[in-house]
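To start, the structure under review is shown below, and the notes come after it.
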């Protein structure tokens, strides 16, 4: 029996071992990652980002904005701005969003100045504040959900600047002191 078993084992090894090795190679080949390319005529020819490299994106703020109010008849008005710089190697571009994640009121203890109710650029109502990107005296109000501030196409390896101007208009019923609000900017790479 031992001889038959050994002989049978040799016969099994001679016939099936190459088949098992072939199956193992096929399984190993089928687990290899696949690569694909954009169809002809799509994609960006001559892009600055080498094929296969990872794109990057950074956002930098030009510091906090201070709005010093000055008397203007029966109201007080003020404005100030800062620059947001987005640096990106993404060849398609990016979208820049703005919102007030923690609320939209400027707060000073129990006093508040609400964000303007303007959904399109217009002069501020008394006791409101807003922002714009055109440097004018017309403003829109900050919301708690992200709003598109800018759509930029192409890579910006040296940075792309967006100046945001803030304005406020109050009357004498607001208490004196410093009012603050947090504004969130988010840059998202485009993926067309």
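One table, with the values for the structure above:
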read-out: Neighbour-count ranking [beta-carbon atoms within 10 angstrom, fewest first] of 149, 169, 61; value: 61, 149, 169
read-out: Least to most buried among 85, 184 (fewest other Cβ within 10 Å first); value: 184, 85
read-out: Fewest-first sequence of 84, 59 by Cβ atoms within 10 Å of each Cβ; value: 59, 84
read-out: Cα-based Kirkwood hydrodynamic radius, the range 57-189, one decimal, Å; value: 15.5 Å
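Taken together, the values in this text are just the output of simple stated rules run on the coordinates, not laboratory data. All values derive from a computational prediction rather than experimental measurement. Note: ideal-geometry Cβ built from the backbone for every residue, glycine included; neighbour counts use all protein chains shown.
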